[in-house]
Amino acid sequence: MAAKKASESFSKTLIEEVHKWGCMKQTGVSLRYMMEFGSKPTQRNLLISGQFLHKELPIRIARRAIELESLPYGLSEKPAVLKVRDWYLDSFRDLRSFPAIKDTNDEREFTQMIKAIKVRHNNVVPMMALGVQQLKKGMDPKIVYEDLDEIHQFLDRFYLSRIGIRQHVELHNPNPPLHCVGYIHTKMSPVEVAQNASEDARCICLREYGSAPEVNIYGDPKFTFPYVPTHLHLMVFELVKNSLRAVQERYMDLDRVVPPIRIIVADGIEDVTIKVSDEGGGIPRSGLPKIFTYLYSTARNPLDEHSDLGTADTVTMAGYGYGLPISRLYARYFGGDLQIISMEGYGTDAYLHLSRLGDSQEPLP
């Protein structure tokens, strides 16, 4: 990947326009409004939604493209980050060259274009991870990664914005599946999602280690509430994967019964809370601040310079150090949170607080 400045690959007029749109104000909407509006995909609503996205998406994409040009420690010059920046500039150009949406035909064509943009951005997360890895390779090993605040804050903003953009694009769907509004499922069973995520994590553990601890889930499978199943699956999958790995590695060579991972789903008035508990030995207190940083992972990095990121990414037991920070962002996007409490020498409890979707505004980085 040859490093090229944006000015070399894109016209001066386009770059100026990106900077102009990047200064415009973003428009946030409440999650309740998203649900009410998205649940009625009438032609009128789709037209209003298309007109909103036609103006809103270039602003959000321009902001990220500008940030990608001015990252600290030379991160902007890394080949993988340049590739991501080019995807954002291409998408901005596509959106700005699309004429004003006046009728249903315009809206249908616009829908096809934003679907193509969404596909273009599918591999943004692993590609940015590769960029961070390229940065780490050339850095002084004595640098304390959690001190690189600017990079962490940028990645938080960047991924939070991406969650929002994809949620808005998904809302603009003329044929949503049953009980679905955008990514939100109005009757999601957290126990069912936890079961599926745990099975997926156990499959990967079996593949890597030849065996996997049991996962016991406690909660009412009939209880449902509106949430995003793909987000919850990712969060529970990451937490269970971490727990399975910790328990497996702790008990691998011991002639003792391997304790199960326990998942408890609690239905509260404000939050639905999911607790994932393991007896994998815990995390030292000094290590806890690092677990939510993007540059930290205790495992071998599965990505490399030659990864074909045009294909589906292979999932491994330990990712590129992004599982926990991204999971916490997903929880926070909808007004929840993720907390990790550890007992070194025993195990770890992760508390995933999921807000019952209400009037909280979508966060706009």
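Descriptive notes on the structure:
- TYR209-GLN112 pseudo-label distance in nm [points 7 Å out on the Cα-to-Cβ vector]: 5.0 nm
- Summed over the residues of region 147-228 and divided among them, the accessible surface reaches 45 Å² per residue at a probe radius of 1.4 Å.
- Cut-off 14 Å, label 7 Å out along Cα→Cβ of LYS55, residues of region 87-101 by amide N: 100-101
- Percent accessible area from carbon and sulfur atoms, the chain, protein chains only, probe 1.4 Å: 52 percent
- Per residue, the solvent-accessible area of region 1-97 (1.4 Å probe, heavy atoms of protein chains only, all protein chains present) comes to 50 Å².
- Kyte-Doolittle at least -0.5, axis length at least 27 Å by Cα - qualifying DSSP helices, the chain: 43-69, 149-171, 190-209, 229-251
- Net charge of the neighbourhood of ASP220, taken over other residues with C-beta under 11 Å away and scored Lys/Arg +1, Asp/Glu -1, is -1.
- Legend: distances between Cα atoms for LYS25/LYS55; LYS222/LYS275; LYS25/LYS83; LYS78/LYS290; LYS12/LYS83; pairs beyond 21 Å are LYS25/LYS83; LYS78/LYS290.
- Separation of the ASP200 and ILE269 label points, Cα + 7 Å toward Cβ, nm: 3.4 nm
- In region 12-140, the inverse of the mean reciprocal separation of distinct Cα atoms equals 16.3 Å; this is its Kirkwood hydrodynamic radius.
- Using a Förster distance of 35 Å, the FRET efficiency for GLN339-LYS222 (Cβ separation, nearest 0.05): 0.80
- Per-pair calculated FRET efficiency, R0 = 41 Å: ASN122 and GLU77 via Cβ, rounded to 0.05: 0.95
- Among beta bridges that DSSP assigns inside the chain, antiparallel share in %, nearest 5: 85 percent
The values are calculated or read from the model by the stated rules, or taken from the named source; none is laboratory data. Being a predicted model, the structure only gives us computed values, none of them experimental. Virtual Cβ from ideal backbone geometry, glycine too; neighbours counted across all protein chains shown. Side chains included, ligands, DNA and RNA excluded: accessible areas come from the protein's heavy atoms. Shrake-Rupley method; radii C 1.70, N 1.55, O 1.52, S 1.80 Å.
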